[in-house]
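Notes follow once the structure below has been shown.
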């Protein structure tokens, strides 16, 4: 047998390196999308509750997160979630690092950079908030007063455009609301649902909205400019979830508080009491109506008829007018009753009146004796009249 010849030093070093590499632990391979699927990376604002945010364990959640999940169900796409700071999202969307985002307002400039969904995901109202016991009935009365706002945001620009406001910028919305709660400012300006999320989370129950919205705009899904295929999926999915009721189910889950049995009883009793003195010489039977507001107050009114039908006032119209005249613009629920307490469905014009103050208002109905239901407005008024407010928009 011939003796084994030792390998040269360079060859020995090569063998040792290969052995080390072979035994080095490797990061687990990223799971490939299921067969037949392609990846759609959804970059979302991690700090915009209740629309998009992360739970304690890092799980993405929120109204728009669940809405996008529903939109892409059955589409053949594998939706991947990527939490980001909002100021990074436009750059990553332009570069294609992410495929889509949500919560973006379509402007003329942005329409040159991104594709947008045909349907909006949410009509966002920007409003002023004050203390309940220090309420300003009109935004004009806040001129000269210190108003908190998140720095560099759409609402920050709205405040400056409004003029005369002593604008106090804060790093975050929660900081601005805290300043109002501690009486460091007279008001706070921000998106309604986002503000109420923090008001409830921080237990700032003595804060409410002021007058007419300062601005109304529509949030949409924005898509990388090169991904027309994804835009088709988004448009088709949004149309489907709107038609099949999934949109309203999610809306109710995230933005509507159901009434307790005690609240239902108090609302119904207020409407019944209001119906007693109704003036109805022509219709024969008057009605009473009651509105429950976000601050917990109930406003009621009765029918007031007139020989000229155009001058007659329905009970629900009267209740809405009373609430608004007291500076209440956030309605939780409404009911119309006969004098003996039987519930009457509101007329289409009355439903349209309620819709002006939000699709999430609940209407108490009694489909059978002793059975109460709480229906959200879109169930009763599927095609409300809507109108843009260009005078309030600042793009």
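The values are calculated or read from the model by the stated rules, or taken from the named source; none is laboratory data. All of these numbers come straight from a predicted model, not from anything done at the bench. Quick reminder, even Gly has a Cβ in these numbers, built from the backbone with ideal geometry, and neighbours come from all protein chains shown.
The rows are residues; the columns are (1) closer than 20 Å to residue 361 by Cα; (2) modelled with pLDDT of 95 or more; (3) within 28 Å of the chain's Cα centre (by Cα); (4) crowded, with 16+ Cβ neighbours inside 10 Å.
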| position | (1), (2), (3), (4) |
| --- | --- |
| 246 | yes, yes, yes, yes |
| 267 | yes, yes, yes, yes |
| 270 | yes, yes, no, yes |
| 275 | no, yes, no, yes |
| 279 | no, yes, no, no |
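Suppose the filter is within 28 Å of residue 384 (Cβ to Cβ), in contact (Cβ under 8 Å) with a residue 40 or more places away in the chain and crowded, with 17+ Cβ neighbours inside 10 Å; does residue 107 pass it?
Here the answer is no, as residue 107 does not meet what is asked.
Tally time: how many residues in region 93-143 are closer than 14 Å to residue 211 by Cβ and part of a strand (DSSP E or B)?
Total meeting the criteria: 6.
Could you check residue 216 against (1) over 21 Å from residue 255 (Cα atoms); (2) in contact (Cβ under 8 Å) with a residue 40 or more places away in the chain; (3) assigned to a strand (DSSP E or B) and say which number it fails?
Among (1) over 21 Å from residue 255 (Cα atoms); (2) in contact (Cβ under 8 Å) with a residue 40 or more places away in the chain; (3) assigned to a strand (DSSP E or B), residue 216 violates only (1).
Can you find a residue that is free of Cβ contacts under 8 Å to residues at least 40 places away in the same chain and in a helix (DSSP H, G or I) anywhere in region 165-173? I'd like the intermediate steps shown before the answer.
Taking region 165-173 and keeping what is free of Cβ contacts under 8 Å to residues at least 40 places away in the same chain, we get 165-171, 173.
Next cut, in a helix (DSSP H, G or I) only: 173.
Yes, region 165-173 contains at least one residue that is free of Cβ contacts under 8 Å to residues at least 40 places away in the same chain and in a helix (DSSP H, G or I).
Here's the yes/no breakdown for (1) farther than 23 Å from residue 251 by Cα; (2) in contact (Cβ under 8 Å) with a residue 60 or more places away in the chain; (3) in contact with a strand residue (DSSP E or B) (Cβ under 6 Å, 6 or more places away or on another chain):
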site: 297; (1), (2), (3): yes, no, no
site: 323; (1), (2), (3): yes, no, yes
site: 343; (1), (2), (3): yes, yes, yes
site: 352; (1), (2), (3): no, no, no
site: 365; (1), (2), (3): no, no, yes
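For (1) loosely packed, with under 14 Cβ neighbours inside 10 Å; (2) modelled with pLDDT under 90; (3) part of a helix (DSSP H, G or I), each residue gets a yes or a no:
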site: 345; (1), (2), (3): no, no, no
site: 349; (1), (2), (3): yes, no, yes
site: 357; (1), (2), (3): no, no, no
site: 360; (1), (2), (3): no, no, no
site: 363; (1), (2), (3): no, no, no
site: 375; (1), (2), (3): no, no, no
site: 386; (1), (2), (3): yes, yes, no
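Of all the residues that make up region 195-217, how many are over 17 Å from residue 295 (Cα atoms) and either in contact with a helix residue (DSSP H, G or I) (Cβ under 6 Å, 6 or more places away or on another chain) or buried (at least 21 other Cβ atoms within 10 Å of the Cβ) (or both)?
Summing the residues that are over 17 Å from residue 295 (Cα atoms) and either in contact with a helix residue (DSSP H, G or I) (Cβ under 6 Å, 6 or more places away or on another chain) or buried (at least 21 other Cβ atoms within 10 Å of the Cβ) (or both) in region 195-217 gives 4.
Within region 35-68, can you find the residues that are within 22 Å of residue 191 (Cα to Cα), without any contact (Cβ under 8 Å) to a residue 60 or more places away in the chain and part of a strand (DSSP E or B)?
43, 44, 45, 52, 53, 54, 60, 61 - these are the residues of region 35-68 that are within 22 Å of residue 191 (Cα to Cα), without any contact (Cβ under 8 Å) to a residue 60 or more places away in the chain and part of a strand (DSSP E or B).
Any residue in region 308-316 that is surrounded by 20 or more Cβ atoms within 10 Å (Cβ to Cβ), at pLDDT 95 or above, assigned to a helix (DSSP H, G or I) and on the phi < 0 side of the Ramachandran plot?
yes
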